[in-house]
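Just below is one structure, and these are the notes that go with it.
Any read-out appearing in this document is the output of simple, stated calculations on the displayed coordinates, not a laboratory observation. Here the structure is a predicted model, which means the values were calculated and not measured. Cβ placement follows ideal geometry from the backbone for every residue including glycine, while neighbour counts extend to all protein chains displayed.
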Amino acid sequence: MAMESESEEKAAALAHLKSAMSDLRALRQSVSPVEVENAITAIVAFLRTDWHTGGGRRLQQFVWSLWNMEHLVNLYDLASYSVAPLTEAVIVLFRAAMVDVLTEAQKRRLLTDSGELARWERVCEETPEDEEVLYPGLPASGEFLMKLAVSAQRSEKRAEDARRNALQKAGIDGGAGEPA
């Protein structure tokens, strides 16, 4: 009896996995390679000449966020400065990134062909060694980010205190995870 139940659970898990893989495959196939290339071309063309504008700055933040996790993007801000062809290009690249069909080579080409990588390298050379390279510019002022950092540290402390209190109430040592 237990074997049947275990066997049924394994079969259900396998069926669920197959379904999820099929769904992911369908999502990936829904992203047109031609649309991705057209989107890259549109964004490259804009950033080559208009990287210094308000819309260009927001587009830089988006493009760099596709490359690594060290950039903030305010999607409301990005949307409010976009024009129709670029909006479509951003949507296509975002979708391609979300379903993991935007390749490393495409991201690198986007940064290289648009001049972004060269601008980043120039800022790197100008940045003192004891400072972080801030490129593209941050979507908020230094003063706001300082306040945000203080709030984040306090929030982390409150969350850690709450976690410790909950573990203590449950009779678990918050450090080692052993019963108290």
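Here are a few things to note about the model shown:
- Charge context of ALA12, other residues only, Cβ under 13 angstrom, K/R +1, D/E -1: -2
- Per residue Cα convex hull volume in Å³ - calculated over segment 27-78: 96 Å³
- Ranking of GLU37, GLU129 by neighbouring Cβ atoms within 10 Å, starting from the fewest: GLU129, GLU37.
- When the Gaussian network model of the chain links Cα atoms closer than 10 Å, the mean-square fluctuations of LEU138, LEU17, LEU110 top out at LEU17.
- Fraction of the pair-distance distribution of the chain above 20 Å, Cα-Cα pairs, percent: 68 percent
- Alpha carbon centroid spacing (whole Å) that separates segment 133-150 from segment 21-46: 32 Å
- Positive dipole terminus of the chain, leading residue within MET146, VAL36, GLY171 (C-beta point charges): VAL36
- Between 0 and 90 degrees, the angle of helix 104-113 with respect to the longest Cα principal axis of the chain falls at about 20 degrees.
- The value obtained for segment 33-126, namely the Cα convex hull volume divided by the number of residues, is 95 Å³ per residue.
- Amide proton proximity set for ILE172, modelled H, under 5 Å, gap of 5+: ALA180
- A simple spin-label model places the labels of LEU167 and PHE144 3.6 nm from each other, with each point 7 Å out along Cα-to-Cβ.
- The chain: most fluctuating residue of ALA149, ALA42, ALA159 per GNM, C-alpha cutoff 10 Å: ALA159
- Segment 137-147 - phi-based ³J(HN,Hα) in whole Hz, Karplus 6.51/-1.76/1.60, Gly and Pro as x: x, 6, x, 8, 6, x, 4, 5, 5, 5, 4
- Charge sum, other residues only, whose C-beta stays under 14 Å from SER32's C-beta, Lys/Arg counted +1 and Asp/Glu -1: -1
- Mean projection area, nm², convex hull over Cα of segment 80-154: 7.8 nm²
- Placing +1 on the Cβ of every Lys and Arg and -1 on the Cβ of every Asp and Glu, with nothing else charged, gives the chain a dipole about its Cα centre of roughly 460 debye.
- Estimated inter-spin distance, ARG48 and GLU131, nm [label 7 Å along Cα→Cβ]: 3.1 nm
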